[in-house]
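The values are calculated or read from the model by the stated rules, or taken from the named source; none is laboratory data. Since we're looking at a predicted model, the values are computed, not measured. Using ideal geometry, Cβ is built from the backbone for each residue, glycine included, and neighbour counts are taken over all protein chains shown. Surface accessibility is based on the protein's heavy atoms, side chains included, excluding ligands, DNA and RNA. Shrake-Rupley method; radii C 1.70, N 1.55, O 1.52, S 1.80 Å.
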Amino acid sequence: MHHRTTVAGLAGALVLSALAIPGAAWADEVSGDIRITKVVANGGKDIVLGTTAVKTFTIAVTATDDSGIETGGTSPVMWHTPFPNGDYYGLVIPENIAGKCMRTSFTTTTCTYTLKINPRIHPQDNTTAGTWTVSAYALANDGDYITKDSAAKAKVLRNSRMTVNASPEPVKKNKTITVTGALTRANWETCKYGGYTKQSVKLQFKKKGTSTYKTLKTVTTDSKGNLRTTTKATADGYFRHSFAGTSTTPAVASAADYVDVK
């Protein structure tokens, strides 16, 4: 099981030194007319983690100043919780703190950084699923600088999986079939997938020859994340389960299970 520990190292120290943000009193700081105009994590998409695979993503920082932005003078970090002693819980830093910078005009530069988040290291436990904060720093050629505590937000979610099985197959028309399945999600403490309990899941059906699924009913997962319900077999077609997602877990739909109706 993971425990709440801080993530550190030389690269982290360099980035945090550049950001110059004390954990006890996080606040924006600016000198001169420099501005950070845009920060985007993972292209604006959620960062979804399973139990083993390391996720690689980017953070792009755009800054502007009348003197131009100093090359290598921007830095982002992504974190979940700052501690009063200045440490961080769930800290993710760029692999290369120089990033890849592109000047879009004399005054404005966008620097893109590659980061990696490891589900067995950075989240540390399941309480960190949800919204993380991206902080950013930028330095201008004339010495102006800016630190933004909350320059952007990013969602770090526990990956979800869904199954479905309709039986018996084949089945006579208008007879009852039983549809089972399970909704599971990544557990960052056990490094395994576990049932997602008391969640609403839609049972959907797509008639053979059509392209649209229609919701038949809503089913709630049990204490182990399992699903079980019955429905009438009216025509050949495909059954699936569909989960809308939550603030900590992404939406997911199962693969389709085809039922032949005689």
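State which entries of K100/K192; K55/K217; K173/K217; K148/K192 exceed 27 angstrom in Cα-Cα distance in the structure shown.
Beyond 27 Å: K100/K192; K55/K217; K148/K192.
Once R0 is set to 22 Å, what does the formula 1/(1 + (r/R0)^6) return for the Cβ-Cβ distance between K116 and T52, expressed as a FRET efficiency to the nearest 0.05?
0.95
Can you give the charge dipole size of the chain about its Cα centre, rounded to the nearest 20 debye, using +1 on the beta carbon of Lys and Arg and -1 on the beta carbon of Asp and Glu?
2400
Determine the principal axes of the Cα atoms in the chain, then give the extent along each, sorted from largest to smallest and rounded to whole angstroms.
Ordered largest first, the chain gives principal extents of 79, 42, 24 Å.
Could you calculate the contour length gain from N85 to N226, that is, 0.36 nm times the residue separation minus the distance between their Cα atoms, to one decimal place in nm?
Contour length minus the Cα-Cα distance gives 46.4 nm.
With +1 on each Lys and Arg Cβ and -1 on each Asp and Glu Cβ, how big is the dipole of the stretch 54-175 about its Cα centre, in debye rounded to the nearest 20? Can you show the working numbers first?
Numbers: 13 positive and 10 negative charges, 271 e Å.
Computed about the Cα centre, the dipole is about 1300 debye.
Quick check: pseudo-label points 7 Å beyond the Cα along Cα→Cβ at K45 and A235, how many nm apart are they?
The two pseudo-label positions are separated by 3.4 nm.
Which chymotrypsin sites (Phe, Trp or Tyr not before Pro) from the stretch 59-163 combine a DSSP loop assignment with at most 14 other Cβ atoms within 10 Å?
Here the sparse-neighbourhood loop sites are F106.
Would you calculate a helix-derived [θ] at 222 nm for the chain, using -39,500 (n - 2.57) for each DSSP H run of n ≥ 4 and dividing by the full residue count, to the nearest 500?
Helix contribution divided over all residues of the chain: -1000 deg cm²/dmol.
Rounded to the nearest whole Å², what accessible area per residue is found for the chain with the 1.4 Å probe? Walk me through the intermediate numbers first.
Values: 12820 Å² over 262 residues.
That works out to 49 Å² for each residue.
Along Cα→Cβ, 7 Å out, is where each label goes; now give me the distance between the ones at S105 and N141 in nm to one decimal.
Distance between the two pseudo-spin positions: 1.5 nm.
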